[in-house]
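The values are calculated or read from the model by the stated rules, or taken from the named source; none is laboratory data. If you're wondering where the values come from, they're calculated on a predicted model, not measured in any experiment. Positions of Cβ are generated from backbone atoms using ideal geometry, with glycine treated the same way; all protein chains shown enter the neighbour counts. To get the accessible areas, we keep the full protein, side chains included, count just its heavy atoms, and leave off ligands, DNA and RNA. Shrake-Rupley method; radii C 1.70, N 1.55, O 1.52, S 1.80 Å.
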Amino acid sequence: MKKYLLKRILFSIFSLVVVTGTVMLLVYTLLNRELLFMGDDNYTTKLKESDKQNYAYSQYYEYGYVDYVTFPSWLQQQIDPSSQEYVDAVKTVQEQNVSDEYPRTEYAITFANTYKAKGYQVMWLKARSNRRGLICSGYFIAVKDRNVFERLGTYFGNFFSFDTMWSVKDPNLADSDRYVRWEWDPYSNMPALVGNGTFHRYLIYFDNQFPFVHQNIISLNMGKSKQSEGQDTSELLTMRTGDAVMEQTVLPKDLYTENPPLEESNLDFHTVTYSANVSSYYYDIYGEGNHYVNATLKKNGFTRIGNSFVIGIIATIGAYILGLPIGLWMARKKDKLPDKIGNLYIIFIMAVPSLAYIYMFAAIGMSAFNLPIKWALATIPATAFILPIISLMLPSAGGLMRWIRRYIIDQENADYVKFARSQGLTEREIFSKHIFRNAMIFIVHSIPADILVSLVGAIVTERVYGVPGVGGLLTDAIDTHDNGVIIAATVFYTFLSILALLLGDLLLAKYDPRVSFTNERG
Amino acid sequence: MSEIVRQPFDMAKMKAQQEDELFYFVEQNPEAAERITAPRYSYWASVFRIFFHKKSNIVALTILAIVLLMSFIYPFIAPYDPMGHLRDGIANLSPSEAINKLGFSMEWILGTGVWGNSIFYGIWTSARISLTLSLICAAINMSLGIIIGAVWGYNKAVDSVLNVIYNIIANVPYILLISVLVYVIGSGFGSFVFALTITGWLGIAYFMRTQVLIIRDREYNLASRCLGTPMLRIVTKNVLPYLTSVIVTLLASEIPSYISMEVYLTYLGIGMAADIPSLGHMIGDAQAAWILYPWAFWSPVAISSIITIILYVVGQNLADASDPRSHMK
């Protein structure tokens with residue numbers, strides 16, 4: 001069993017990597033790169049000539065298309081950036097405009113040769129000036145297209161990042177000041193793991209928001225989103241929704257004073273991150289000399305993934321509660337009225353496009369029960385959850401009814417049932433101990449998938465009701481040509497579906513002793 | 001027996017009589033000797049006899065015929081132009097408003113859409129595109145799936161290669177693959193068909209492989225193999241006919257599924273290009289104001305639902321009829 005599991009997991013990782021690689025290949029090589037600049041004012045109007053070219057390369061680098069090194073950044077590592085030599089060399093590159101291929105300085109030639117040897121394309125995007133001065137600046141850069149393997153390597157190599165007390169690279173922060181320790185957290189009145197020199201101030205903390213225990217030690221780098229200003233996709237998924245809430249709280253500047261005063265604030269101070277240069281604008285709240293700033297707003301809604309999960313999980317549970325008994329009932333009353341009505345419903349669910357019945361549920365819910373059909377941005381009433389849940393629950397209950405009915409009817413005609421009957425077992429006993437248990441084997445396999453699917457969110461349902469969930473992650477990314485998120489969504493969805501299949505098989509093996517994944521005979 | 005006993009016993013007479021009546025000489029005929037007498041049975045004739053025996057099937061088939069005729073012929077009589085009526089005051093009219101304003105004609109019996117377009121013409125033109133798409137996709141996926149599935153079930157080398165591919169692809173949500181493909185290769189009719197068929201056959205092939213594996217080693221096939229029947233003949237004469245009803249069942253759910261898929265993807269904005277009139281586009285265009293202008297929204301929804309339900313029901317009943325076990329009376 002262990003050997004099988006290990007093999008299975010290794011193969012799963014292999015397929016995850018293959019799928020991600022394939023999607024990367026599709027997205028990064030077959031697609032026009034210029035789509036990256038759709039709706040980008042800098043590129044389309046503001047920047048000209050060399051500035052524009054350099055901006056394009058820097059963006060390609062930012063979104064993982066190319067490796068890109070600028071001459072100044074390379075030179076900084078070679079000589080002291082405050083020396084005259086450095087300033088002159090950079091100035092030559094930035095302002096000279098001669099017909100040579102490279103700037104005529106010793107360092108520039110070395111830079112060109114070093115990166116050419118590494119397979120880079122070295123370019124001098126030349127400056128242009130008129131009498132009044134520079135129109136656009138010059139850039140000396142080395143660029144190399146990333147191939148799929150490198151891209152895969154960097155993606156999965158940087159997938160997890162760990163926040164340690166050495167995370168912050170700030171020369172002004174002395175090594176002796178760095179620490180990670182448990183402290184009493186005045187915001188939650190619980191202990192919290194706090195760090196200095198870590199990127200996040202609070203590494204482990206508790207609060208009253210689901211899931212109540214939060215950690216910032218391990219974070220996932222799933223891929224940068226172009227649309228939301230370079231945010232990581234994992235942050236996009238766990239972003240809070242709803243309205244900001246004002247609360248009486250202690251401000252960080254008063255944290256270490258005695259009897260700190262309470263003040264109104266809508267910030268969640270558990271989310272502060274390190275910043276090397278804090279503007280004086282922050283002193284009012286965070287106090288002078290505090291490097292941990294940029295707290296995010298405290299909001300009253302779930303996270304985006306939380307919204308999807310709450311709706312999905314309740315719908316799944318509801319579908320089982322509804323679908324199982326009705327399916328059983330249909331099987332018992334085969335070819336009678338309940339079975340016929342149930343079959344009509346199943347045909348309806350199977351054949352009609354999902355979009356159509358979701359709108360039907362919305363129309364009925366709105367006109368008959370006066371339920372809200374749009375999630376307004378202001379405080380979301382609990383009733384807004386009802387229609388999305390029903391729209392997800394009723395179709396999946398239909399699917400369950402269909403399978404349960406099929407399996408029960410198949411089992412009822414099996415030889416072991418006739419044998420049990422001939423032995424004089426009661427119908428009740430035969431049903432609950434034999435037929436039901438055997439029919440459930442097939443159902444058990446899909447339970448993990450049903451639960452995990454609710455993490456992905458329901459695309460159409462969420463769009464129809466305007467739920468701020470994660471269902472639209474992929475389609476929104478496609479609409480906005482957000483390649484980083486497309487890759488992230490691929491990894492996320494593929495990971496969940498692999499996990500669902502694996503858990504389904506394990507659960508099946510646990511439930512049905514006849515199923516074995518090893519070749520040994522028991 | 002008792003009658004014979006009552007008659008006076010005359011052995012010689014009786015013998016002569018019996019031989020006269022019961023036996024006569026026939027010419028030796030090798031051709032007739034080979035013939036086995038059995039009731040005439042034609043598979044497809046029985047399928048259709050069972051199928052048409054049910055009255056509801058005739059009704060469903062009639063509706064299907066009307067839908068097909070309307071979708072494939074009506075657009076030529078009444079050409080649909082989504083932007084053709086772009087003028088003031090006729091956008092988003094309900095049927096009664098449209099008839100009052102524009103006079104009674106078939107064009108306006110379902111009202112007008114966002115651009116003053118005729119919804120009635122629109123749904124048939126769109127249905128034609130959607131039906132064509134689903135028929136082409138189903139044809140490609142089914143034929144690829146059946147052929148490859150049959151080979152997959154029989155050939156060990158193919159089996160090991162395809163199993164790995166299947167295990168990788170099966171992990172990826174179908175919707176993800178299609179959307180990424182449409183995103184990358186563009187959204188014309190051809191590329192949409194490509195996106196739906198590039199991996200679509202794999203699931204069907206895997207299903208067929210399992211079915212082939214189940215009956216491959218049945219006794220009658222073993223016997224056939226022992227007698228030296230070539231593999232290709234076993235597959236085409238022994239295995240595939242046995243699977244006809246399974247294939248028809250599959251087909252019955254495949255064709256409507258592509259119509260739903262098109263509606264779904266186009267609604268999400270990753271379907272066919274905006275200039276191709278399809279049911280998905282009509283629904284997508286009307287959904288923003290579906291409470292205000294219900295006709296523009298519910299008409300394409302209704303027609304796509306009718307098409308999918310009818311195709312599904314006819315297909316399922318045809319599948320039931322194509323199961324030879326149901327031919328016995």
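Specify whether the C-alpha gyration tensor of segment A:304-468 places it in the rounded, prolate or oblate class, a ≥ b ≥ c being the square roots of the eigenvalues: rounded for a/c under 1.5, otherwise prolate if a/b is larger than b/c and oblate if not. Can you show the working numbers first?
On the way: a/c = 3.04, a/b = 2.16, b/c = 1.41.
Because a/c hits 1.5 or more and a/b exceeds b/c, segment A:304-468 counts as prolate.
Tell me, what HN-Hα J-couplings in whole Hz come from the Karplus equation 6.51 cos²θ - 1.76 cosθ + 1.60 at θ = phi - 60° for each residue of segment B:131-139, using x for Gly and Pro?
Karplus-based 3J(HN,Hα) across segment B:131-139 equals 5, 4, 4, 5, 5, 5, 4, 5, 4 Hz.
What Kirkwood hydrodynamic radius, in Å, does segment A:311-370 give when the mean of 1/r is taken over all pairs of distinct Cα atoms and then inverted? Before the final figure, lay out the partial values.
Numbers: mean 1/r = 0.0759 Å⁻¹.
After inverting the pairwise mean of 1/r, the radius is 13.2 Å.
Provide, in order from the shortest bin, the percent of all Cα-Cα pairs of segment A:315-409 in each 5 Å bin, continuing until the bin that contains the maximum pair distance.
Percent of pairs per bin, in order: 3, 14, 20, 20, 18, 12, 7, 4, 2, 1, 0.
How shielded is B:175-188 by partner chains, expressed as the average number of their Cβ atoms within 10 Å of its Cβ atoms? The partial results should precede the final answer.
On the way: counts 5, 11, 5, 0, 7, 12, 3, 1, 13, 11, 3, 0, 0, 0.
What the average comes to for B:175-188 is 5.
For segment A:32-155, compute the orientation-averaged projected area of the C-alpha convex hull (one quarter of its surface), in nm². Could the numbers behind the result be given before it?
Values: hull surface 36.9 nm².
Directional mean of the projected Cα hull area for segment A:32-155 stands at 9.2 nm².
Whenever you get a sec, line up A:VAL17, A:VAL460 from highest to lowest accessible area (probe 1.4 Å, protein heavy atoms). The partial results should precede the final answer.
Details: A:VAL17 50, A:VAL460 5 Å².
Largest accessible area first, the residues go A:VAL17, A:VAL460.
Between segment A:279-330 and segment A:195-266, what is the separation of their alpha carbon centroids in Å?
Result: 13 Å between the Cα centres.
Return the tail of the calculated pair distribution for segment B:243-294, meaning the percent of Cα-Cα pairs more than 12 Å apart. Spell out each step's value before the answer.
On the way: 893 of 1326 pairs.
Within segment B:243-294, distances greater than 12 Å cover 67 percent of Cα pairs.
With no solvent and one point per C-alpha, what does the Debye sum give as log10 I(q)/I(0) for segment A:453-494 at q = 0.19 Å⁻¹?
Taking Cα atoms of segment A:453-494 as identical point scatterers yields -0.52.
Can you send over the solvent-accessible area of B:VAL26, 1.4 Å probe, protein chains only, in Å² to the nearest 10?
Taking all protein chains as shown, B:VAL26 has close to 110 Å².
Using only the alpha-carbon atoms, how far is helix A:49-62 inclined from the longest principal axis of chain A? Give it as 0 to 90 degrees, nearest 10.
40
³J(HN,Hα) across segment A:279-294 via Karplus (A = 6.51, B = -1.76, C = 1.60, θ = phi - 60°), whole Hz, x for Gly/Pro?
6, 5, 4, 7, 4, 3, 9, 8, x, 6, x, 8, 8, 8, 10, 6
Determine by what factor the alpha-carbon radius of gyration of segment A:1-64 differs from 2.2 N^0.38 Å, reporting the quotient.
Values: Rg = 19.5 Å, N = 64, 2.2 N^0.38 = 10.7 Å.
The reported ratio for this selection is 1.82.
Could you please state, rounded to a whole Å, how far the C-alpha centre of segment B:248-285 is from the C-alpha centre of segment B:185-215?
Segment B:248-285 and segment B:185-215 have Cα centres spaced 16 Å from each other.
If you count only protein heavy atoms and use a 1.4 Å probe, how large is the accessible surface of A:SER82, to the nearest 10 Å²?
Probe radius 1.4 Å; accessible area of A:SER82 about 90 Å².
Cα-based Rg (one decimal) and Dmax (whole number) for segment A:376-471, in Å?
Over segment A:376-471's Cα set, Rg and Dmax evaluate to 19.8, 65 Å.
Search the structure for amide H atoms under 5 Å from the amide H of A:SER129, placed 1.01 Å from N in the peptide plane, and list their residues when 5 or more places away or on another chain.
Here A:ILE135 satisfy the definition.
Kindly provide the helix-only [θ] at 222 nm of chain A, computed as the sum of -39,500 (n - 2.57) over DSSP H runs of four or more divided by all residues, to the nearest 500 deg cm²/dmol? Could the numbers behind the result be given before it?
Working: 18 runs with 246 residues, N = 522.
Using -39500 (n - 2.57) per qualifying helix, the result is -15000 deg cm²/dmol.
Which whole-number percent is the relative contact order of chain A (Cα, under 8 Å, 6+ apart)?
Numbers: 726 pairs, mean separation 66.7, N = 522.
With pairs under 8 Å counted, the relative contact order is 13 percent.
Restricted to Cα positions, what overall size does the protein assembly as shown have along the principal axes? Three whole-Å values, descending.
Each principal axis gives a Cα extent; for the protein assembly as shown these are 145, 74, 64 Å.
For segment A:327-483, with only Lys/Arg (+1) and Asp/Glu (-1) charged at the beta-carbon, what is the dipole magnitude about the Cα centre, in debye rounded to 20?
Working: 15 positive and 12 negative charges, 160 e Å.
The calculated dipole for segment A:327-483 is roughly 780 debye.
I want to verify the translational diffusion coefficient of segment A:191-241 in µm²/s; compute it with Stokes-Einstein, Rh as the Kirkwood radius over Cα pairs, at 20 °C and 1.002 mPa s. Working shown, then result.
Numbers: Rh = 12.4 Å.
The diffusion coefficient I find is 173 µm²/s.
Take the Cβ-Cβ distance between A:TYR4 and A:TYR511 as r, set R0 to 22 Å, and report the resulting FRET efficiency rounded to the nearest 0.05. Intermediate values should be presented prior to the final figure.
Details: r = 17 Å, r/R0 = 0.78.
Taking R0 as 22 Å, the efficiency between A:TYR4 and A:TYR511 is 0.80.
Tell me the per residue accessible area of chain A using a 1.4 Å probe; a whole number in Å² is fine. Walk me through the intermediate numbers first.
Numbers: 27780 Å² over 522 residues.
Ligands and nucleic acids excluded, the result is 53 Å² per residue.
May I ask you to evaluate 6.51 cos²θ - 1.76 cosθ + 1.60, the Karplus curve with θ = phi - 60°, for each residue of segment B:209-216 and list the ³J(HN,Hα) values in order in whole Hz, giving x for glycine and proline?
4, 4, 4, 5, 4, 5, 9, 4
If I compute solvent accessible area with a 1.4 Å probe over the protein chains, what percent of it on segment B:125-327 is carbon and sulfur? Spell out each step's value before the answer.
Values: 5420 of 8000 Å².
Looking at segment B:125-327 in its full context, I get 68 percent from C and S.
Can you order the peptides A:406-418, B:154-166 by their average number of other Cβ atoms within 10 Å per residue, highest first?
Values: A:406-418: 15.0, B:154-166: 12.8.
Packing order, densest peptide first, comes out as A:406-418, B:154-166.
Over what distance in Å are the Cα centres of segment A:6-36 and segment A:344-398 separated?
35
To the nearest 10 Å², what's A:GLU150's accessible area with a 1.4 Å probe?
70
Can you return the lysines within cross-link range of A:LYS418? Criterion is Cα-Cα under 20 Å, with same-chain partners fewer than 8 residues away left out.
A:LYS333, A:LYS334, A:LYS433
Quick check on segment B:181-241: what does the Kirkwood estimate of hydrodynamic radius come out to from the alpha carbon pairs, in Å? Intermediate results must be reported in sequence, preceding the final value.
On the way: mean 1/r = 0.0712 Å⁻¹.
Kirkwood radius, segment B:181-241: 14.1 Å.
Under a no-solvent Debye model with one identical scatterer per Cα of segment A:135-291, what's log10 I(q)/I(0) at q = 0.16, 0.18 Å⁻¹?
-1.12, -1.34
Just to make sure I understand: if all protein chains stay in place, what is the order of A:HIS270, B:HIS53, A:HIS434, A:HIS214 by accessible area at 1.4 Å, largest first?
Working: A:HIS270 10, B:HIS53 135, A:HIS434 60, A:HIS214 35 Å².
I get B:HIS53, A:HIS434, A:HIS214, A:HIS270, largest accessible area first.
What Kirkwood Rh does segment B:172-216 have if only Cα atoms enter the pairwise 1/r average? Answer in Å.
On the way: mean 1/r = 0.0858 Å⁻¹.
The answer is 11.7 Å.
Just the projected area, averaged over all directions, of the convex hull on the alpha carbon atoms of segment B:274-318: how many nm²?
On the way: hull surface 14.5 nm².
The orientation-averaged projected area of the Cα hull of segment B:274-318 comes to 3.6 nm².
Just the number, please: buried accessible area between B and A, total of both chains, 1.4 angstrom probe, nearest 100 square angstrom.
3300
Structure shown: which of A:LYS118/A:LYS169; A:LYS116/A:LYS144; A:LYS48/A:LYS126; A:LYS48/A:LYS91; A:LYS91/A:LYS144 lie over 18 Å apart, alpha-carbon to alpha-carbon?
Values: A:LYS118/A:LYS169 28 Å; A:LYS116/A:LYS144 10 Å; A:LYS48/A:LYS126 12 Å; A:LYS48/A:LYS91 20 Å; A:LYS91/A:LYS144 24 Å.
Where the Cα-Cα span goes over 18 Å, the pairs concerned are A:LYS118/A:LYS169; A:LYS48/A:LYS91; A:LYS91/A:LYS144.
Could you please tell me the mean projected area of the C-alpha convex hull for segment A:218-311, averaged over all directions and given in square nanometres to one decimal? Numbers along the way, then the final one.
Working: hull surface 31.8 nm².
For segment A:218-311, the mean projected area of the Cα convex hull comes to 7.9 nm².
Could you calculate the contour length gain from A:GLN76 to A:ASN130, that is, 0.36 nm times the residue separation minus the distance between their Cα atoms, to one decimal place in nm? Intermediate results must be reported in sequence, preceding the final value.
On the way: separation 54, 0.36 × 54 = 19.44 nm, distance 2.95 nm.
Contour length minus Cα-Cα distance gives 16.5 nm.
Nearest 10 degrees, 0 to 90: what angle lies between the long axis of helix A:354-369 and the longest principal axis of chain A (Cα atoms)?
80
How large is the convex hull of the C-alpha atoms of segment B:125-327 per residue, in Å³?
Values: hull volume 26.2 nm³, N = 203.
Cα-based convex hull of segment B:125-327, divided per residue, equals 129 Å³.
Please get the size of the charge dipole for the protein assembly as shown, origin at its Cα centre, with Cβ charges of +1 on Lys and Arg and -1 on Asp and Glu, quoted in debye to the nearest 20. Walk me through the intermediate numbers first.
On the way: 68 positive and 71 negative charges, 576 e Å.
Using Cβ point charges on Lys, Arg, Asp and Glu, the protein assembly as shown gives about 2760 debye.
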